[in-house]
Amino acid sequence: MVELPSSVDIPPPPILQPNVFPLDWPPGNPLTYELFELAKREAWDPARLPWDTLRDAKMSAEERLGIGYWFSLLGIFDAAAPPVFAHALVEMYKAHEEDGVRKCFSTILRDELNHEEVCRRASTALLPGNPWGPLRWTPKTALEKAAFHNVQWAYHNGGRYWDGYEKAFKKYRLPILFTSFLMGEVAATTLFHEMSKASTLTVFKETFLAISRDESRHARMALYLAKRTFPTLPQEEKDFITRQLRAGFIFLSMILFKPFPGQFWELPEGFLENHELLQAAAASGGLGILPLAEREDAWRKAMLRVKKTVEEFGIAFPAMPEVGLSGADTPFVDDGIEGIVPVF
Ligand SMILES: [Fe+2]
Ligand SMILES: [Fe+2]
């Protein structure tokens with residue numbers, strides 16, 4: 001028999017907390033594992049989509065530009081999503097959040113890399129000269145100059161979002177922050193699903209369908225966190241959520257509904273007009289952008305779901321007159337952006 005050293009009963013020094021790697025996996029809510037397994041089964045690879053078909057698609061130069069422009073704007077949101085969820089994931093491990101929730105967030109991060117890849121593939125294929133990115137080309141025509149200018153300005157605001165996100169992390173508890181994601185995920189599920197039906201270009205039909213499936217899983221995770229967190233909130237945190245719902249609506253409207261210059265968005269004169277021209281070109285090229293009234297309708301339906309959820313827990317839903325929803329008056333306060341958290 002091997003003789004063991006007698007030192008096995010000397011305990012290590014106290015384990016420092018918090019540390020970033022919990023070494024336990026207590027059984028959590030089954031839904032979290034169900035969503036984790038679903039994410040594995042629904043994994044998709046943007047590289048396998050028929051991007052080649054864009055080369056020969058019957059589109060005018062303006063239509064190609066319009067679609068390239070739209071994916072440039074989407075990229076401002078989707079290129080921010082990997083760091084947003086990566087940051088969240090590290091914080092979750094530090095907080096020793098439920099294992100199933102940590103796992104789901106890792107799949108959300110993976111999904112967001114796919115969404116970013118879609119923006120890369122679409123914008124670089126369709127912007128004139130196949131540039132490396134939406135800010136790396138030289139516009140020549142008036143419409144190209146307008147597109148380039150708009151993307152530069154929208155990107156400026158994307159940088160301001162990150163500042164606010166980091167500030168919010170220092171100020172609010174983790175579960176509160178993640179409940180703010182609910183509205184973005186629900187809206188994105190609906191809007192991308194509708195776009196997949198409306199698009200006449202196969203590559204985008206498939207892309208939007210895959211994205212809407214991902215977003216629907218994200219929405220279910222956000223809803224789980226919301227329902228777990230809402231019953232114990234003090235009024236101050238309920239108020240934060242109300243403000244986040246309003247701020248998130250204004251922030252995400254740029255891409256999913258329509259831009260609202262002045263409320264968060266710092267945009268130059270003429271932005272809106274150029275945006276509408278380019279978006280109309282993208283729509284006529286077959287991207288699948290819904291007419292404004294249908295976008296409004298989709299938002300209203302999605303937000304009604306969120307409204308019902310938050311009100312059940314005594315959280316006021318903000319007024320969104322832009323899509324015909326009444327609610328708490330939540331004036332926009334320019335406080336250096338206290339932190340707009342939602343992305344999708
Ligand atoms: Fe999402
Ligand atoms: Fe996404």
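No lab work stands behind these numbers, since they all come straight from the coordinates. Since the model is a prediction, treat every value here as computed from it, not as a measurement. Cβ atoms come from the backbone with ideal geometry, glycine included; neighbour counts cover every protein chain shown.
Quick notes
- Helix axis angle, 61-78 relative to the chain longest principal axis, alpha carbon, degrees: 20 degrees
- Cβ-Cβ FRET estimate between Leu304 and Asp24, R0 fixed at 45 Å, reported to 0.05: 0.70
- Residue order, fewest to most beta carbons within 10 Å, for Tyr161, Tyr69, Tyr93: Tyr93, Tyr161, Tyr69
- The distance separating the Cα centre of the stretch 116-175 from that of the stretch 187-218 comes to 20 Å.
- Near Leu325, the amide H atoms lying under 5 Å from its own belong to Met320; only residues 5 or more places off or on other chains count, and H is placed 1.01 Å from N.
- Put the Cα centre of the stretch 69-105 next to the Cα centre of the stretch 1-68 and the gap is 10 Å.
- Helix-only mean residue ellipticity at 222 nm for the chain, each DSSP H run of n ≥ 4 adding -39500 (n - 2.57), per residue, nearest 500: -21000 deg cm²/dmol
- You can think of it this way: the chain between Ala47 and Ser6 has 9.1 nm of extra reach, that is 0.36 nm per residue less the Cα-Cα gap.
- Cα pair distances in the chain, grouped into 10 Å bins until the bin that holds the longest one, percent each: 5, 24, 33, 22, 9, 3, 2, 1, 0
- In the chain the longest region clear of GluC sites (Glu not before Pro) that are loop-assigned by DSSP and have at most 13 other C-beta atoms within 10 Å covers 4-265.
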